[in-house]
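For reference, the structure discussed in these notes is given below.
Each reported figure results from applying straightforward, stated rules to the coordinates on display, with no laboratory input. Remember, it's a predicted structure, so these values are computed and weren't measured experimentally. Here the Cβ is made from the backbone with ideal geometry for all residues, glycine too, and neighbour counts use every protein chain on show.
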Amino acid sequence: MGQNLIFTNDVDEALERLTTSGGHNMTVWIADVNTARLMMPAPAHLITIPDGDGNKTLATVTSVWDEMERMGVTRHSLVINLGGGMVTDLGGFTAATFKRGVRFINVPTTLLGAVDAAVGGKTGFNYHDLKNEIGAFAPASDVVISTCFFDTLPLQEMKSGFAEVLKHAMLSDRGEFLRLLDHDFNAPINHDDLLERLRRSVQVKADIVARDPEEQGERKALNLGHTVGHAFESLAMLRGKPVPHGYAVAWGLVTEAVLSHLLLKFPGEDVHLLGNFVRDNYRDFPFTCDDYDELLGLMRHDKKSRAGEITCTLLAAIGDYRIDKTVTPDDITAALDILRDLLGV
Ligand code: GLY
């Protein structure tokens, strides 16, 4: 799955280059109502969609296909998705399926989108309340990754994306993991440093995806923190008090680091370092021991589980991952108790 990854803080120059080469007959932008405002004046062919995960639906997909048809998009056109994960997932799917496939470029505008959703070819939308239930592996030909959109990104969204950056470091490099734990979210953004962090982080994902594009095996490593994290995210959502994806992932990373310690002797020192960082930066953990049964139920029904067994990606050490590790409800209960101790809740 060859994807051209462009790391730049001059997005206009990169897009000028990409849109003037390739011989396509029309460039169509897809943006949500917020990211469309970034384009002043609006381009000639702009499809605006409503924002938020609640609009990542078949109705939005068909509205984009309708617009593409009206504009006369052909297989020789180019689509540019400008936005967070919702726009790149849904825009990628509509482009990949319209007339059996129109080339598309992703320009992620959030940290979470830049380090995860925009890269690696997963596209799709939610269906019957199930997240990303319909979709296809369809990589953007190019992904333009920049920090220039982040000055106006709410702190909560920066923290949310940063959890995936931490995950990539845990899968690859203890030095980078330790450097990330020094990150100060209150300091002004140093764009050159952050772009370099992104380059390292995205490369971890890109390398794994290149070896296993359709998640037959190794790509499951990228689910580190997510078996438990998705349960936190889903339960919060079911209760009508959603938490940002990356907060759930951060709590999931600590829980799965504890499980790694219990089952694979992952160093206790690294569990503590991670736990301290998450305690200081990802506050308001909303669960108690009364929630364990519901959390376990959600983990059993996770897409990644088989026949009711709960499986996780775990670590023997930073950079030494093991996929498909079966964990028991007792293991998870013990790990959740330790998580709550580490977070001081
Ligand atoms: N978000 C994990 C993956 O793309 O496989």
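A few comments on the model shown:
- Between amide H atoms placed 1.01 Å from N, distances below 5 Å from residue 122 occur with 138, all of them 5 or more places distant or on a separate chain.
- Net length available on complete extension from residue 218 to residue 133 is 28.5 nm, with 0.36 nm assigned per residue and the Cα-Cα distance removed.
- Residue by residue, the range 19-27 carries 3J(HN,Hα) couplings of 7, 8, 9, x, x, 7, 8, 6, 10 Hz when phi is fed to the Karplus relation 6.51 cos²θ - 1.76 cosθ + 1.60 (θ = phi - 60°); x denotes Gly or Pro.
- If you sort the three axes of the alpha carbon gyration tensor as a ≥ b ≥ c, you get a/c of 1.5 or more for the range 228-345 and a/b no higher than b/c, which makes it oblate.
- The alpha-carbon of residue 265 sits under 16 angstrom from the alpha-carbons of these aspartates and glutamates, leaving out residues fewer than 8 places away in its chain: 256, 320, 331.
- Anisotropy class assigned to the range 86-160 is oblate, per the alpha carbon gyration tensor with a/c at or over the 1.5 cut-off and a/b no larger than b/c.
- Residues of the range 111-148 with amide N under 13 Å of the 7 Å Cα→Cβ point at residue 199: 145-147
- Here the range 1-131 is treated with +1 on each Lys and Arg Cβ and -1 on each Asp and Glu Cβ, and its dipole about the Cα centre works out to around 440 debye.
- Nonlocal amide H pairs with residue 173, under 5 Å, H built at 1.01 Å: 319
- Rounded to 10°, Cα long-axis angle of helix 226-238 versus longest principal axis of the chain: 80 degrees
- Extreme residue, positive dipole direction of the chain, given options 329, 14, 247 (C-beta unit charges): 14
- The range 1-103: antiparallel DSSP beta bridges as a percent of all, rounded to 5: 0 percent
- Spatial separation of Cα centroids for the range 166-198 and the range 305-340, in angstrom: 25 Å
- Cα gyration tensor category, rounded, prolate or oblate, for the range 1-156 with a/c compared to 1.5: rounded
- Nearest-ten-degree value, helix 58-71 long axis tilted from longest Cα axis of the chain: 20 degrees
- Cross-linked pairs 122/303; 122/220; 304/325; 205/325; 131/304: Cα-Cα separations exceed 18 Å for 205/325.
- DSSP bridge pairs, the chain: antiparallel proportion in percent, nearest 5: 35 percent
- The slack between residue 206 and residue 151, meaning 0.36 nm per residue of separation minus the straight C-alpha distance, is 17.3 nm.
- Ordered by the number of other Cβ atoms lying within 10 Å of each residue's own Cβ, fewest first, 338, 47, 105 fall into the sequence 338, 47, 105.
- Counting only Cβ charges, +1 for Lys and Arg and -1 for Asp and Glu, the dipole size of the chain around its Cα centre is about 800 debye.
- Whole-Hz ³J(HN,Hα) from phi, Karplus 6.51 cos²θ - 1.76 cosθ + 1.60, for the range 202-218, glycine and proline x: 5, 5, 4, 5, 4, 5, 5, 5, 4, 7, 8, x, 10, 6, 7, x, 4
- Relative to the current alpha-carbon distance between residue 291 and residue 66, full extension at 0.36 nm per residue lengthens the span by 76.6 nm.
- For the chain, the relative contact order comes to 15 percent (Cα pairs under 8 Å, sequence separation of at least 6).
- The phi torsions of the range 323-332, fed into the Karplus equation with coefficients 6.51, -1.76 and 1.60 and a -60° offset, translate into couplings of 8, 6, 7, 7, 10, 8, x, 5, 4, 5 Hz, rounded to whole numbers, with Gly and Pro shown as x.
- Computed per residue of the chain from DSSP H runs no shorter than four, each worth -39500 (n - 2.57), the mean residue ellipticity at 222 nm is -14500 deg cm²/dmol.
- Highest mean packing first, where packing is the average number of other Cβ atoms within 10 Å per residue, the peptides 285-292, 317-324 line up as 317-324, 285-292.
- Under-5 Å amide H pairs with residue 127, H placed in peptide plane, nonlocal only: 132, 133, 134
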